[in-house]
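Before any comments, here is the structure.
The values are calculated or read from the model by the stated rules, or taken from the named source; none is laboratory data. Since we're looking at a predicted model, the values are computed, not measured. Neighbour counts are summed over all protein chains in view; Cβ atoms, including those assigned to glycine, are modelled from backbone coordinates with ideal geometry. Note: accessible area is taken over every heavy atom of the protein model, side chains too, but ligands, DNA and RNA are not part of it. Shrake-Rupley method; radii C 1.70, N 1.55, O 1.52, S 1.80 Å.
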Amino acid sequence: MSSVVPPPASPSALDAIAGRPPGPVTLLASRAVLAAVFAAAAVPKLLDPASFARDIENYHLLPPELVAVVAVVLPALELVLALALVSGVHARGAAVVSAALLAAFAGGMAQAIARGIDLDCGCFGTAMAMEVSGWTIARNVVLTGLAVLVAAAPDVVYRGPPTRALPASAT
């Protein structure tokens with residue numbers, strides 16, 4: 001006696017996304033976006049650490065003695081992350097650190113809004129003024145998602161165009 005097994009229910013889009021790892025193009029594009037954001041954020045802060053230190057102070061999160069250190073170290077870290085993401089060298093580790101930073105930045109912005117602190121996010125140093133808002137938090141949440149995507153996937157390193165194997169020579 002044979003039984004008829006109904007076809008499996010078609011998976012939802014979320015199941016398909018969750019069940020299938022992203023392709024190399026998606027991963028490379030995600031790494032490129034993250035690298036561009038971190039590089040664009042790092043350079044103006046590295047060029048004007050005093051201004052960035054004022055932006056950090058405005059959040060009222062760090063003790064004053066740490067502000068100057070963070071104003072120098074954080075942009076340097078952002079630049080290292082950008083280089084790792086774009087080169088593919090330790091890209092997954094860079095993505096883990098990126099996700100943690102972006103989530104922390106979103107949390108810092110959320111606490112500023114909750115406490116009624118009206119401030120420029122300082123995200124891109126003096127290159128771009130942007131008031132902390134739901135939009136800046138949402139942007140960081142989306143970027144955190146990209147970083148998690150890269151961190152959870154296998155490393156993808158571009159190795160150039162594929163080469164054809166030469167035929168074995170007869171000896």
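Among the conditions (1) modelled with pLDDT under 95; (2) open to solvent by less than 50 Å² (accessible area, probe 1.4 Å), L146 misses just one, which is (1). Summed over region 41-61, residues that are part of a helix (DSSP H, G or I) and open to solvent by less than 60 Å² (accessible area, probe 1.4 Å) total 11.
Taking the criterion of being in contact with a helix residue (DSSP H, G or I) (Cβ under 6 Å, 6 or more places away or on another chain), under 15 Å from L61 (Cβ atoms) and open to solvent by 20 Å² or more (accessible area, probe 1.4 Å), the residues of region 93-119 that qualify are A103, F105, A110.
Residues checked against (1) modelled with pLDDT under 95; (2) within 25 Å of V96 (Cβ to Cβ); (3) out of contact with any helix residue (DSSP H, G or I) (no Cβ under 7 Å at 6 or more places or on another chain); (4) loosely packed, with under 15 Cβ neighbours inside 10 Å:
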{"position": "P8", "(1), (2), (3), (4)": "yes, no, yes, yes"}
{"position": "L27", "(1), (2), (3), (4)": "yes, yes, no, no"}
{"position": "A32", "(1), (2), (3), (4)": "no, yes, no, yes"}
{"position": "A39", "(1), (2), (3), (4)": "no, yes, no, no"}
{"position": "P63", "(1), (2), (3), (4)": "no, no, yes, yes"}
{"position": "V67", "(1), (2), (3), (4)": "no, no, no, no"}
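You will find that of S133, S98, the residue that is at pLDDT below 95 and of a type in the set (S, T, N, Q) is S133 and no other.
Only one of the numbered conditions (1) without any contact (Cβ under 8 Å) to a residue 60 or more places away in the chain; (2) assigned to a helix (DSSP H, G or I); (3) surrounded by fewer than 16 Cβ atoms within 10 Å (Cβ to Cβ) is not met by T126, and that is (1).
Only residues that are within 22 Å of the chain's Cα centre (by Cα) and either closer than 10 Å to G125 by Cα or not aliphatic (A, V, I, L, M) (or both) were counted across region 57-70, and they come to 1. List pairs: first in region 39-66 and within 26 Å of A94 (Cβ to Cβ) and free of Cβ contacts under 8 Å to residues at least 12 places away in the same chain, second among the aliphatic types (A, V, I, L, M) and surrounded by fewer than 19 Cβ atoms within 10 Å (Cβ to Cβ), Cβ under 8 Å, 6+ apart or cross-chain? So the pair list comes out as L62/V70.
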